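Step one of this worksheet: look at the structure below.
The values are calculated or read from the model by the stated rules, or taken from the named source; none is laboratory data. Just so you know, these numbers come straight off a predicted model, no measurement behind them. No Cβ is skipped: glycine too gets one built from the backbone with ideal geometry, and neighbour counts run over all protein chains shown. Just the protein is used for accessible areas: all its heavy atoms, side chains included, with ligands, DNA and RNA removed. Shrake-Rupley method; radii C 1.70, N 1.55, O 1.52, S 1.80 Å.
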Amino acid sequence: IEDQIRDLQGNKLDHPNYDPTSLFIPEKEWGTFTPAKVQFWQIKQHNFDKILFFKLGKFYEIFYNDAIICQKILDLNWMGGAKKLHVGFPEKALDKYLVILVNHGFKVAVIEQTETPKQMEERQMQEKGKKEKCVKREICNVVTKGTYKDPNNHGYEPRFVLAIKRHGQEIGICFFDVTTLK
């Protein structure tokens with residue numbers, strides 16, 4: 001399967017311009033997805049380098065390659081058997097699993113429901129004719145080893161982040177401690 005993986009620009013893994021943060025999904029595949037899977041893949045195609053914790057109801061669901069990683073590291077049970085590549089956990093366990101994954105060096109994107117079913121109905125009435133079967137979901141948090149603050153650790157542990165942005169001949173640099181926001 002690795003020879004089939006391409007980024008959004010169509011570059012293969014061995015191409016010098018391959019973008020590991022994105023994933024190309026063939027057009028014919030989109031029609032096979034449920035509305036929730038469409039949302040999942042719309043987010044995953046731009047965040048292929050992150051493990052997605054995808055909120056469905058009161059649970060975070062993890063699919064495909066992310067599920068394989070999480071099943072091994074977090075010791076989660078397969079949902080629907082090992083052939084389904086799907087694991088999950090209750091929302092109250094979020095911090096427990098985030099700290100384990102970031103300490104293993106993974107980036108995690110937490111996808112939350114950003115509207116209620118009632119808000120979805122109201123939005124559909126305003127948009128007239130567009131009938132989605134899913135509440136909106138969006139990335140609400142991206143967590144890395146440099147940005148995660150364990151809520152159970154009350155001592156000071158610096159978490160430094162360095163950001164560099166180039167615009168033409170100018171370079172902007174920001175270096176700060178996520179723990180103190182300074």
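Just one of the numbered conditions (1) outside any helix (DSSP H, G or I); (2) under 17 Å from residue 140 (Cα atoms); (3) acidic (Asp, Glu); (4) open to solvent by 30 Å² or more (accessible area, probe 1.4 Å) is not true of residue 95; which one?
(1)
Counting just the residues of segment 23-40 that are touching an Asp or Glu at 6+ places or on another chain (Cβ under 9 Å) and in a loop (DSSP other than H, G, I, E, B), which one comes out farthest from residue 97 (Cα to Cα)?
Restricting to residues being touching an Asp or Glu at 6+ places or on another chain (Cβ under 9 Å) and in a loop (DSSP other than H, G, I, E, B), the top hit is 24.
Quick check on my filter: what residues within segment 74-116 are over 16 Å from the mean Cα position of the chain (by Cα) and touching a residue at least 60 places away in the same chain (Cβ under 8 Å)?
none
With the requirement that a residue be under 29 Å from residue 60 (Cβ atoms), open to solvent by 70 Å² or more (accessible area, probe 1.4 Å) and within 21 Å of the chain's Cα centre (by Cα), what does segment 1-28 give you?
Listed by number, the residues that qualify are 2, 6, 13, 20, 24.
For residue 20, which of the numbered conditions (1) closer than 20 Å to residue 145 by Cβ; (2) not in a loop (DSSP other than H, G, I, E, B) fails to hold?
Only one criterion is unmet by residue 20, namely (2).
Any residue in segment 70-85 that is in contact with a Cys (Cβ under 7 Å, 6 or more places away or on another chain), open to solvent by less than 70 Å² (accessible area, probe 1.4 Å) and at negative phi?
yes
Look through segment 49-73, keep the residues that are outside any helix (DSSP H, G or I) and over 15 Å from the mean Cα position of the chain (by Cα), and return whichever of them is farthest from residue 33 (Cα to Cα).
58
Of all residues in segment 89-107, which are touching a strand residue (DSSP E or B) at 6+ places or on another chain (Cβ under 6 Å) and either among the basic types (Lys, Arg) or at positive phi (or both)?
Hits for segment 89-107: nothing passes.
Are any of the residues in segment 22-38 under 19 Å from residue 134 (Cβ atoms) and in contact with a strand residue (DSSP E or B) (Cβ under 9 Å, 6 or more places away or on another chain)?
yes
Among the strands (runs of 3 or more DSSP E) contained in segment 106-182, which hold 3 or more residues that are under 22 Å from residue 40 (Cα atoms)? Show your work before the answer.
On the way: elements: 108-113, 137-143, 160-167, 170-177.
Result: 108-113, 137-143.
Identify the residue in segment 146-175 that is within 19 Å of residue 107 (Cα to Cα) and in contact (Cβ under 8 Å) with a residue 24 or more places away in the chain and, among all such residues, is most open to solvent (accessible area, probe 1.4 Å).
149
Restricting attention to segment 46-69, report how many residues are open to solvent by less than 40 Å² (accessible area, probe 1.4 Å) and of a type in the set (Lys, Arg).
So the answer is 2.
Checking residue 43 against (1) touching a Lys or Arg at 6+ places or on another chain (Cβ under 9 Å); (2) open to solvent by less than 80 Å² (accessible area, probe 1.4 Å); (3) in a loop (DSSP other than H, G, I, E, B): exactly one of these is not met. Which one?
(3)
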